[in-house]
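Participant: Following this message is one structure expressed as structure tokens.
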Amino acid sequence: MARVLILYSTTDGHTIEICKRIGQRLETYGADVELADLKEDPQLGSYDFDKIVIGASIRYGKHQPLVNDFISRNQAVLEAHPNALFSVNVVARKPEKNTPETNPYLQKFLKKISWQPQNLGVFAGRIDYPSLGFFDKQMIRLIMWITKGPTDPTLTIEFTDWDKVDAFGDLVANM
Ligand SMILES: Cc1cc2nc3c(=O)[nH]c(=O)nc-3n(C[C@H](O)[C@H](O)[C@H](O)COP(=O)(O)O)c2cc1C
């Protein structure tokens with residue numbers, strides 16, 4: 001039975017939902033899945049795993065700096081296992097920006113790190129306007145207006161393609 005460690009970086013929790021869904025998919029293959037928050041500085045030596053996945057969301061153009069830090073500190077361990085990385089952002093709702101090759105945030109991130117993940121994923125995230133504070137709400141509405149997305153501040157919009165997340169789970173199961 002493969003043991004898969006999924007590490008995540010999230011601000012509002014949607015990346016955890018995606019990790020859970022990948023985990024459920026992996027469990028259909030009989031995998032044993034463990035999730036851990038990068039914010040808690042997980043020590044890889046204390047986990048028993050065969051494969052490793054990192055998922056991180058974008059906020060104001062960047063993944064949280066702790067993602068880069070974790071990767072640079074643990075690159076050798078990452079490389080010693082079948083591995084994958086995915087990014088969550090709303091630009092990925094656009095068909096022309098929703099693959100690892102075409103998503104600008106993932107491409108920029110890959111140029112900043114020296115780890116070359118064996119497998120990559122990009123998923124469109126969620127905008128939950130009612131949960132945002134005044135500044136973030138206005139900023140996201142402005143960004144959405146510029147990029148022709150929804151601006152109604154009463155809406156929660158989930159752009160995530162869950163079939164695509166399941167397909168990524170299949171990819172991890174077979175890596
Ligand atoms: C304050 C804020 C800033 C964001 N900035 C960006 C951005 O620059 N580009 C983008 O594509 N998505 C951006 N997003 C969308 C998030 O990536 C999306 O909401 C994602 O689902 C968040 O995942 P999380 O809940 O795991 O943090 C932003 C969202 C918020 C709330």
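Participant: Write out, first by first residue and then by second, each pair whose Cβ atoms fall under 9 Å of each other, whose residues are 6+ apart or on separate chains, and whose first residue, in region 66-86, is buried (at least 20 other Cβ atoms within 10 Å of the Cβ) while the second is of a type in the set (Lys, Arg).
Facilitator: ASN83/LYS51; ALA84/LYS51
Participant: Starting from residues that are among the hydroxyl-bearing types (Ser, Thr, Tyr) and assigned to a loop (DSSP other than H, G, I, E, B), keep the ones in region 46-66 and report whichever is nearest to ILE127 (Cα to Cα).
Facilitator: Filtering region 46-66 for residues that are among the hydroxyl-bearing types (Ser, Thr, Tyr) and assigned to a loop (DSSP other than H, G, I, E, B), the one nearest to ILE127 (Cα to Cα) comes out as TYR60.
Participant: Looking at GLU17, is it assigned to a helix (DSSP H, G or I) and open to solvent by 30 Å² or more (accessible area, probe 1.4 Å)?
Facilitator: For GLU17, the condition - assigned to a helix (DSSP H, G or I) and open to solvent by 30 Å² or more (accessible area, probe 1.4 Å) - is met.
Participant: Right, another one. Residue check: is GLY23 part of a helix (DSSP H, G or I), small (Gly, Ala, Ser) and at pLDDT below 95? Quick ask: steps written out before the conclusion?
Facilitator: Numbers: part of a helix (DSSP H, G or I): yes; small (Gly, Ala, Ser): yes; at pLDDT below 95: no.
Against the criterion (part of a helix (DSSP H, G or I), small (Gly, Ala, Ser) and at pLDDT below 95), GLY23 does not qualify.
Participant: I'd like the residue in region 1-13 that is of a type outside the set (Ser, Thr, Tyr) and crowded, with 22+ Cβ neighbours inside 10 Å and, out of all such residues, is farthest from the ligand (Cβ to nearest atom).
Facilitator: Narrowing region 1-13 to residues of a type outside the set (Ser, Thr, Tyr): 1-7, 12-13.
Applying the additional criterion that residues be crowded, with 22+ Cβ neighbours inside 10 Å yields 4, 6-7.
Values: VAL4: 19, ILE6: 13, LEU7: 13 Å.
Filtering first and then ranking leaves VAL4.
Participant: Also, quick follow-up: When region 87-99 is examined, which residues are found to be open to solvent by less than 20 Å² (accessible area, probe 1.4 Å) and more than 22 Å from ASP50 (Cα to Cα)?
Facilitator: Filtering region 87-99 down to residues open to solvent by less than 20 Å² (accessible area, probe 1.4 Å) leaves 87-89, 92.
Listed by number, the residues that qualify are VAL88, ASN89, ALA92.
Participant: Within region 24-53, how many residues turn out to be touching a residue at least 60 places away in the same chain (Cβ under 8 Å) and in contact with a strand residue (DSSP E or B) (Cβ under 6 Å, 6 or more places away or on another chain)?
Facilitator: Number satisfying all stated conditions: 4.
Participant: What are the pairs with Cβ atoms under 9 angstrom where one residue, in region 93-122, is more than 24 Å from ASP170 (Cβ to Cβ) and the other, located anywhere, is more than 16 Å from the ligand (Cβ to nearest atom) and of a type in the set (A, V, I, L, M)? Sequence gap at least six, or different chains.
Facilitator: Sorted first by the residue in region 93-122, then by its partner, the pairs are ILE113/ILE71; SER114/ILE71.
The values are calculated or read from the model by the stated rules, or taken from the named source; none is laboratory data. Not measured: the values here are computed from a predicted model. Because the Cβ atoms are built from the backbone with ideal geometry, glycine has one as well, and the counts that use them run over all protein chains shown. The accessibility values were calculated without ligands, DNA or RNA, using every heavy atom of the protein model including side chains. Shrake-Rupley method; radii C 1.70, N 1.55, O 1.52, S 1.80 Å.
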